[in-house]
Structures are given as C-alpha cells and as structure tokens.
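These notes concern the structure reproduced below.
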Amino acid sequence: MTVNFALLGAGRIGRVHAKAVTANPDARLVAVADAFPAAAQSIAAQYGVEIRSIEEIEIAKDIHAVIICTPTDTHADLIERFARAGKAIFCEKPIDLDVERVKACIAVVKQTGAKLMVGFNRRFDPHFMAVKNAIDDGRIGKVEMITITSRDPGPPSMDYIGRSGGIFRDMTIHDFDMARFLLDGEAISSVSAHAAVLVDPAIGAAGDYDSATVILETAIGRQAVISNSRRATYGYDQRIEVHGSKGSASAENQRPISIEVATSEGYTRPPLHDFFMTRYTDAYANEIAGFIAAIESGAAISPSGEDGLHALQLADAALDSVRLGKRVSLG
C-alpha cells in the first residue's frame with residue numbers, strides 16, 4: 001500500500017518532511033497547503049504536487065494522511081478536524097501550549113479512533129536508537145543516570161521567541177521526551193530547573209530564557225540531567241549518555257564528514273552539523289517510515305498524543321520550578 005500524504009504548512013520544518021515523504025517508496029506526497037501562496041508554490045514546484053486548501057484536503061478521497069507543520073496554535077484544531085475526517089495524522093510538537101487543550105484534543109482522537117503521531121524525531125535518530133537498544137538488550141544493566149546535552153548554534157528570531165511558548169515548551173520538550181524514552185516510560189516524580197538569560201537580553205525582555213538546566217527524578221531515584229543553551233558557537237550540540245549498573249552507553253556529536261586529521265600541531269576534526277535540518281536527516285526519514293508502518297499494520301503509534309502530553313506537563317513543571325525556585329513534585 002502506498003500512503004498518500006498532504007502537507008499542511010510549507011515552512012522550514014514542512015520542507016524537511018516533504019523531503020522525507022518523497023524519498024520513501026511507500027509514500028506519495030499528493031498535496032500541500034499553506035497560508036502563504038509562495039511557500040506552497042515552492043513545495044509544489046519542487047515535488048510536482050498540487051496546491052489545495054485545507055477544506056479540499058479534508059474531504060479528499062485520495063489523501064490518507066496529513067502532516068501538520070502549521071503554527072502551534074493551529075495544531076489541536078487541525079488534529080481534531082482531520083481525526084473526524086478519518087485521516088491518519090502526523091503533527092509536529094507540541095500539540096498545544098495548554099495542557100487542558102491537549103487533553104481535550106487527545107480525547108477527540110480516541111473517540112474517532114484516529115492515528116496520531118507527535119513529531120519527537122530524536123527517538124528515530126540511528127545513534128540515539130543504538131543507545132536505547134543497548135539499554136533494552138541489558139548491556140549496561142539498570143539505568144541509573146542520564147545526561148542529555150542539547151544546544152542550538154544560535155537563538156531563533158524574536159518573533160519566534162514570542163510565540164514559541166518558551167524554551168521549555170519549545171526546545172527542552174524534545175529532551176523531556178528523550179529522557180522518558182530512555183527511561184522506558186517510567187514516570188517522572190519531580191522536576192528541578194534553573195534558567196537564565198545569558199545569550200541575548202531581548203530574550204529575557206520577551207519573558208523567556210536562553211540557558212537552562214533541568215533534573216528529572218523518578219520515584220526510585222533515577223535521574224536525567226538536561227543541559228540547554230540557545231548558543232553553541234561550535235555548531236549544533238546533540239549528545240546523550242546513559243549510565244547503568246553494568247556500564248554506560250553514549251551517542252556523540254555528529255559531523256557531516258567524520259574524519260580526524262593528526263599533525264605535529266595536534267588533532268583536528270570538521271565542524272558539527274549547523275542545525276537540525278542536516279543533523280537529523282535520518283531521524284526524519286525513519287520517523288515517517290515508522291508512521292507509515294503503523295498505518296499499514298494497525299500497530300500502536302509511538303510517539304503518541306499521550307507522549308506529547310507528558311512532555312508538555314514536564315515543560316510546565318520545569319517553568320514552575322524556575323519561578324518558584326524549588327523542586328516541583330508531580331502527581
């Protein structure tokens with residue numbers, strides 16, 4: 001079966017998903033919709049697809065699934081709309097910035113029996129998946145401590161900062177999901193977070209932070225430490241390490257070219273990837289492949305809407321921890 005897709009939103013992340021869909025032999029990108037005609041036209045011309053309205057895609061018989069890459073404040077409404085239309089739904093994170101709105105959206109998905117995957121692409125990165133496999137195979141024993149480093153090469157635009165929901169809901173949310181993934185879904189019992197404005201005072205003036213450290217703890221004391229920054233002058237810094245009772249497993253930073261040159265002056269290596277579009281190319285491809293496989297087999301979707309909800313709840317707890325200046329317990 002070939003799964004026919006429509007792309008909703010033709011911006012930066014929309015282009016990433018268009019590339020992943022068109023490269024998959026089991027998928028076909030049929031249509032694109034965007035509020036900005038030029039953006040839709042760019043995708044349509046590159047991949048030879050139709051430009052359609054949301055309304056046309058909603059009732060289209062030749063569309064099996066949609067990929068939602070529109071602004072965050074439209075996600076929940078679109079998920080509900082296409083769930084009722086009988087389409088499978090892939091939605092970029094987050095579902096919404098409000099926990100109660102997310103719960104209501106998930107209820108509609110369950111009521112309609114729709115398939116919903118939330119775009120936590122890092123679960124599908126080959127390097128991170130290899131670490132998870134090492135855990136699942138028992139090679140490092142029981143997980144005790146996790147360290148996640150995620151630092152962007154530079155801050156986004158102030159316009160984006162203003163509507164992103166803040167660093168915890170926009171950036172750290174990926175790391176919250178990765179921590180839960182590596183802990184195999186074990187519940188987080190408390191969150192301790194510290195945040196500051198060290199990169200750009202304008203970010204602070206907008207009510208956000210650009211530098212953050214978070215400690216997640218489970219009921220039995222397992223810990224995940226997350227380090228975030230909106231500035232890494234050396235490139236896109238993405239690393240994880242999992243320490244267990246029998247050893248550890250880690251995934252190092254990736255480079256477009258993985259070589260090392262040694263001379264009398266020392267060892268040198270090429271720069272890191274410059275951002276997520278190239279660092280996570282394989283992850284985006286694997287993510288779409290996993291979504292298609294679940295559609296075809298009827299298997300449970302992962303990451304699910306519930307995964308998106310849990311990550312958002314952790315983001316809210318981290319923000320509460322910063323504002324209150326203390327550890328926040330979760331029910």
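On the stretch given as the stretch 296-329, residues that are over 30 Å from A65 (Cβ atoms), buried (at least 21 other Cβ atoms within 10 Å of the Cβ) and touching a Ser or Thr at 6+ places or on another chain (Cβ under 9 Å) total 3. Which residue out of I301, I288 is touching a His at 6+ places or on another chain (Cβ under 8 Å) and not acidic (D, E)? Checking each option against the conditions leaves just I288. Among the residues of the stretch 157-169, the one identified as within 21 Å of I95 (Cβ to Cβ) and without any contact (Cβ under 8 Å) to a residue 24 or more places away in the chain is Y160. In the stretch 81-95, the qualifying residues are those that are of a type in the set (K, R) and either out of contact with any helix residue (DSSP H, G or I) (no Cβ under 7 Å at 6 or more places or on another chain) or part of a loop (DSSP other than H, G, I, E, B) (or both), and the one that is surrounded by the fewest Cβ atoms within 10 Å (Cβ to Cβ) is K93.
For the criterion of being buried (at least 18 other Cβ atoms within 10 Å of the Cβ) and either at positive phi or not in a loop (DSSP other than H, G, I, E, B) (or both), A202 fails. Residues of the stretch 262-318 being assigned to a loop (DSSP other than H, G, I, E, B) and either closer than 27 Å to F5 by Cα or of a type in the set (K, R) (or both), which ones? Within the stretch 262-318, R269, F275, Y280, G298, A299, A300, I301, S302, P303, S304 meet the criteria. Listed conditions (1) without any contact (Cβ under 8 Å) to a residue 24 or more places away in the chain; (2) under 20 Å from the mean Cα position of the chain (by Cα); (3) under 14 Å from M117 (Cβ atoms) are all met by A299, apart from (2).
Within the set A104, A114, A83, the sole residue that is more than 15 Å from L182 (Cβ to Cβ), free of Cβ contacts under 8 Å to residues at least 60 places away in the same chain, out of contact with any strand residue (DSSP E or B) (no Cβ under 8 Å at 6 or more places or on another chain) and not polar (S, T, N, Q) turns out to be A104.
Taking the criterion of being surrounded by 20 or more Cβ atoms within 10 Å (Cβ to Cβ) and more than 23 Å from T2 (Cα to Cα), the residues of the stretch 55-75 that qualify are T70, H75.
Taken as a whole, the structure leaves G185 outside the set of residues that are touching a Phe, Trp or Tyr at 6+ places or on another chain (Cβ under 8 Å) and under 30 Å from G221 (Cβ atoms).
If you check G221, G185, G207, G154 for being in contact (Cβ under 8 Å) with a residue 60 or more places away in the chain and part of a loop (DSSP other than H, G, I, E, B), only one passes: G154.
Does T22 count as touching a Phe, Trp or Tyr at 6+ places or on another chain (Cβ under 9 Å) and surrounded by fewer than 21 Cβ atoms within 10 Å (Cβ to Cβ)? Spelling it out, T22 is indeed touching a Phe, Trp or Tyr at 6+ places or on another chain (Cβ under 9 Å) and surrounded by fewer than 21 Cβ atoms within 10 Å (Cβ to Cβ). Before we move on, is L78 buried (at least 17 other Cβ atoms within 10 Å of the Cβ), assigned by TED's automatic domain parsing to the domain that holds L8, in contact with a Gly (Cβ under 6 Å, 6 or more places away or on another chain) and at pLDDT 95 or above? Answer is no for this residue. Against the numbered list (1) assigned to a loop (DSSP other than H, G, I, E, B); (2) outside the structural domain of I54 (by TED's automatic domain parsing); (3) not basic (K, R), G162 comes up short only at (1).
Among the residues of the stretch 284-298, is there at least one that is in contact with a Lys or Arg (Cβ under 7 Å, 6 or more places away or on another chain) and hydroxyl-bearing (S, T, Y)? Looking for residues that are in contact with a Lys or Arg (Cβ under 7 Å, 6 or more places away or on another chain) and hydroxyl-bearing (S, T, Y), one finds none in the stretch 284-298, hence no. Contact map, the stretch 248-262: residues that are farther than 22 Å from F275 by Cβ paired with residues that are in a loop (DSSP other than H, G, I, E, B) and of a type in the set (A, V, I, L, M, F, W, C), Cβ distance under 8 Å, separation 6+ or inter-chain. Pairs shown: S248/I140; A249/I140.
The values are calculated or read from the model by the stated rules, or taken from the named source; none is laboratory data. In this text the structure is predicted, and so the values were computed from the model without any measurement. When we count neighbours, we look across all protein chains shown, and the Cβ atoms used for this are built from the backbone with ideal geometry, even at glycine.
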